[in-house]
Amino acid sequence: MSLRQIDARRLTDAVAELYVRACLVLPESVKAKLYAFGNPYIIENFEKNGNIPLCQDTGMAAVYLEVGQDVHLTGDIPAAVDEGVRRAVKEGYLRSSIVADPLRRQNTGDNTPAAIYTELVPGDRVKVTVAPRGFGCENKARIAMLTPADGIEGVKAFVLETAKMAVPDACPPVMIGVGIGGNFDLVAHIAKRAVLREGPNPDSFYAALEQELYEATKKFSIGVNILAAPTHIAGLPCAVSIGCHSLRYASEVL
């Protein structure tokens with residue numbers, strides 16, 4: 001069976017367009033949550049925004065690539081993604097916020113490199129999602145390596161504690177993403193992906209837990225999304241990722 005060929009230059013075009021779009025236009029699902037929350041000032045702001053970024057912090061570009069196993073991406077993938085980010089920053093007049101080294105702090109000048117996450121999935125398509133991550137929210141993310149003895153009550157306590165700590169600096173109302181399970185690095189990843197999930201949780205157990213946590217946080221949140229993963233018998237990792245009211249992301253399927 002022959003593989004479908006996709007030139008990496010298509011990634012560049014997609015990332016460039018998606019990054020600018022994400023910074024300027026809120027997804028309809030986020031607008032709906034904000035309408036339900038009922039803050040008229042936030043709604044007025046995004047309705048009259050025009051071609052101005054929703055936030056001055058246009059974020060670190062998190063780029064998620066869901067790559068079909070029947071696809072062959074040709075070319076230098078990281079370079080193609082970074083070129084898309086570079087083009088978006090120039091054409092969209094976005095802020096450059098990335099430093100090349102965490103301690104020496106020299107700005108790269110074009111918001112590269114992106115944080116790239118790749119997942120193999122069935123099919124012959126590539127889904128590209130660009131999610132600008134501002135650090136007002138990112139700095140409030142937390143991980144707890146809980147134990148099985150902590151159980152569901154420990155998870156709930158950690159989520160609520162983290163959410164309440166985040167609120168003053170994370171531009172509420174916030175979207176709360178929760179990862180449960182996996183290991184130290186996987187749980188952080190799924191917590192960030194949970195922030196972007198649209199639609200109800202397909203697992204009724206976790207749907208009920210989401211609703212319980214939302215009821216406890218609805219004075220300052222627009223929702224709680226949970227993603228869970230298999231984990232070790234001795235562990236119960238839990239991570240919380242926060243998305244501000246300008247919850248920005250955009251996707252395209254190639």
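The values are calculated or read from the model by the stated rules, or taken from the named source; none is laboratory data. Just so it is clear, the structure is predicted and the values come from calculations on it, not from any experiment. Cβ: placed from backbone, ideal geometry, glycine included. Neighbour counts: every protein chain shown.
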(Q) Please go through segment 239-254 and give me each residue that is part of a strand (DSSP E or B) and surrounded by 24 or more Cβ atoms within 10 Å (Cβ to Cβ), ordered by number. (A) Ala239, Val240, Ser241, Ile242, Gly243
Q: Kindly indicate whether any position in segment 184-191 is farther than 30 Å from Asp13 by Cα and of a type in the set (Val, Ile, Thr).
A: yes
Q: Determine whether segment 146-155 contains at least one residue that is under 30 Å from Tyr214 (Cα atoms), under 17 Å from the mean Cα position of the chain (by Cα) and of a type in the set (Gly, Ala, Ser).
A: no
Q.
Restricting to segment 107-163, count the residues that are in contact with a Pro (Cβ under 8 Å, 6 or more places away or on another chain) and either over 30 Å from Gln69 (Cα atoms) or among the β-branched types (Val, Ile, Thr) (or both).
A. 5
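Go over the candidates Leu160, Leu186 one by one and state the one that is surrounded by fewer than 20 Cβ atoms within 10 Å (Cβ to Cβ), within 16 Å of the chain's Cα centre (by Cα), of a type outside the set (Asp, Glu) and at pLDDT 95 or above.
Leu186
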**Q.** Residues that are assigned to a loop (DSSP other than H, G, I, E, B) and either among the acidic types (Asp, Glu) or modelled with pLDDT under 95 (or both), drawn from segment 189-217
**A.** Glu198, Gly199, Pro200, Asp203
**Q.** When residues of segment 220-235 are limited to those that are farther than 28 Å from Cys171 by Cβ, in contact with a Gly (Cβ under 7 Å, 6 or more places away or on another chain) and not aliphatic (A, V, I, L, M), the one surrounded by the fewest Cβ atoms within 10 Å (Cβ to Cβ)
**A.** Pro230
Q | Sole exception among (1) within 24 Å of His189 (Cα to Cα); (2) acidic (Asp, Glu); (3) outside any helix (DSSP H, G or I) for Asp82, by number | A | (3)
Q: Search segment 83-94 for residues that are in the same structural domain as Thr58 (by TED's automatic domain parsing) and crowded, with 23+ Cβ neighbours inside 10 Å and pair each with any residue that is part of a helix (DSSP H, G or I) and of a type in the set (Gly, Ala, Ser) when their beta-carbon atoms are under 7 Å apart and the residues are at least 6 apart or on different chains.
A: Gly84/Ala14; Gly84/Ala16; Ala88/Ala16; Leu94/Ala88
